[in-house]
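Reviewing the structure listed below.
The values are calculated or read from the model by the stated rules, or taken from the named source; none is laboratory data. Computed from a predicted model, the values in this text were never measured in an experiment. Here the Cβ is made from the backbone with ideal geometry for all residues, glycine too, and neighbour counts use every protein chain on show. Surface accessibility is based on the protein's heavy atoms, side chains included, excluding ligands, DNA and RNA. Shrake-Rupley method; radii C 1.70, N 1.55, O 1.52, S 1.80 Å.
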Amino acid sequence: MAWAGSIPQAHGIAPRVRVGRDRWFNLLWMLPIGFVLLIVAVACAKGLRGDPPVQRFIARYPGTSASAGAGGAAGLPVWVDAQHFFNLFFLVFILRSGAQILSDHPRLYWTRHSTPGRDWFRVQKPVPADPLWTAKQDSISLPGQVGLPGLRHSIGLARWWHLGVDTLWLLNGLIFYALLFATSQWRRLVPASWDVVPNATSALIQYLSLDWPKQDGWVAYNGLQMIAYFITVFIAAPLALLTGLGMSPALSTRFKRISRVLNIQAARSLHFLVLVWFLLFIVIHVTLVFTTGLLRNLNHIFAGGDNAGWLGFWVFAAVTTVVAVGWAAATPVTLRHPRLVQRIGYTLIGPAQRLFEHVDSTPGEYTEKDISPYFWHNGRYPDSARYKALAEGDFADYRLHVGGLVENPVQLDLAALRALPHHEQITQHFCIQGWSGVARWGGVSMRTVTELVRPLPEARWVVFYSLGEGPDEGLYYDAHPIEQMGYHLTMLAYDMNGAPLPFGHGAPLRLRNEVQLGFKQVKWIQGVEFVADFTTIGGGHGGYNQDHEFFGYRQSI
């Protein structure tokens, strides 16, 4: 199926982690290494079990603390069983769409600069020497039933799945927290004393020796389970939310002190590590459920009973079937009804996006020393005869047309633009694909342009038109709310890092609106139009990528 400008499928490489300055370790080696280490650990644990001091230690700390579950009712109420299902169901789509989003920029960094060669994790080859290599070219394909929706550079739909289902997952989590602390169930997950540590150590030795610790999960979890659940519920889950918000351009430009510590790339890397934790937890959790008394465990989880009957198994089978059907159907449904996925996703996450984009910010977060040594290119470069003629003439014949619902439409050449009050800002670029970079932009504030043309009261949106085309042909454009034209950090830039804007970054003029993601920062601008509504422009969804790749016209997250 053609997608994103018929971009061909391109496979990445096995996951790699940087070791030292220039060496990379293939993580597939962790499979045989991990297997060998597990065998060694089992052998060591079996040997330790025969050691009298270890036997006395296990006798003193059998795995479950004497205080565990004290004051709490035995058993798991129905709401825990129901939320267990919803959590599993939502995580299927969150994890799959998260993998798809990662594949659009298959590299992770710790600094905000996204400099090639400075990534600490990658599933893609090194960046080629081509100076105009784009981030879209760097994206990779995932198998259709791994990523969601599974096609290369389908991040627009992946984000609707990820952010939309995230809202449902967070709602489920808030209900869980409320019920957890409204009842005594929190005692199962929160350690009451430090003896949870030796009990967890004891339980680990017993698990590794393949002689399971004596436990009754119906009454209380052992120390190792309690620590794992506590980390998952009270650390990993909130961290997933916080690191997700840390990637928001609107919030990062507003909350400067937090952004200095939790920059977008640190947030993205931590977000990925949370995903890894969830995957490891799921694998170990399911393995132990199946190997430490399957029927009784399934009755605990799905049937609300403490027995070895078959009811829990059949409920588990039904739940597994629902999850499997959802997994299998998600990709074909998305590809057949992408606009429906876009609408539902916006319905779920749209209120938060509208709230965040009303957050204005001011300059001052970055200085010259923060400017990135490398700034990724992106988009389809203009190749029309008109643009080539303008570029060959050093844009002497360039005219910016500003009109629409205004009292004073104007045409401005570069000299006229430079004669307007100069505006400069050092800001961070947030690409929807995940990379970022800091640059110094010089030009004219959109406040100045707005005051010059004097919009009519009915003007609600400002549409920026490019001299370039989108990947599926047709004029590239994007619409922005008129209120954001008055923000401190919204401008038309003709300079970048103290020099005229280069070709790859939008010469002769580009937009900077720092509460929005990068695809909305239109490059190679030829015109600006103030309109009451954008539904009659292009495909009617507020921008070229919204029309063709199902992005959102509001993208502050």
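Here are the numbers:
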quantity: Residue-span extension gain [LEU168 to LYS214] - 0.36 nm each, minus C-alpha spacing; calculated: 12.9 nm
quantity: For the range 388-528: rounded, prolate or oblate by the Cα gyration tensor [a/c cutoff 1.5]; calculated: rounded
quantity: Which labelled figure in (1) 55.5; (2) 26.0; (3) 28.4 is mean projected area of the Cα convex hull in nm², once derived from the coordinates; calculated: (3)
quantity: For LYS46, solvent-accessible area (1.4 Å; no DNA, RNA or ligand), Å²; calculated: 110 Å²
quantity: Peptide ranges 115-124, 452-461 listed from the most packed, as the mean C-beta count within 10 angstrom indicates; calculated: 115-124, 452-461
quantity: Helix 338-356 vs. the chain, principal-axis angle (Cα, 0 to 90°, nearest 10); calculated: 90 degrees
quantity: Hypothetical label at LEU420: residues of the range 482-502 whose amide nitrogen lies under 17 Å (7 Å Cα-Cβ projection); calculated: 482-496, 501
quantity: Gain on full stretching of the segment that runs from GLN137 to ARG447 - 0.36 nm per residue minus C-alpha separation; calculated: 108.1 nm
quantity: Dipole of the chain, positive direction: furthest Cα of SER103, ASN378, ALA396, with charges on the beta-carbon; calculated: SER103
quantity: Normalised convex hull volume, the range 250-353, alpha-carbon set, Å³ per residue; calculated: 174 Å³
quantity: Tilt relative to the chain, helix 155-182 - C-alpha long axis, 0 to 90 degrees, to 10; calculated: 40 degrees
quantity: Cα gyration tensor category, rounded, prolate or oblate, for the range 360-467 with a/c compared to 1.5; calculated: oblate
quantity: Cα-centred dipole magnitude for the chain, charges only on beta-carbon of K, R (+1) and D, E (-1), debye, nearest 20; calculated: 1460 debye
quantity: The chain, relative contact order in percent, only Cα pairs under 8 angstrom and at least six apart counted; calculated: 17 percent
quantity: Degrees separating the helix 311-336 axis from the principal Cα axis of the chain, which is the longest one; calculated: 10 degrees
quantity: Gained length - ASP195 relative to LEU294, 0.36 nm times residue gap less alpha-carbon distance; calculated: 32.8 nm
quantity: For the chain: accessible area per residue (Å², 1.4 Å); calculated: 44 Å²
quantity: Unit charges on C-beta of K, R, D, E only; dipole of the range 1-159, Debye; calculated: 400 debye
quantity: Unit charges on C-beta of K, R, D, E only; dipole of the range 140-279, Debye; calculated: 680 debye
quantity: Estimated FRET transfer efficiency (VAL78, VAL42; beta-carbon r; R0 30 Å; 0.05); calculated: 0.20
quantity: Positive dipole terminus of the chain, leading residue within ALA14, GLN425, GLY63 (C-beta point charges); calculated: GLY63
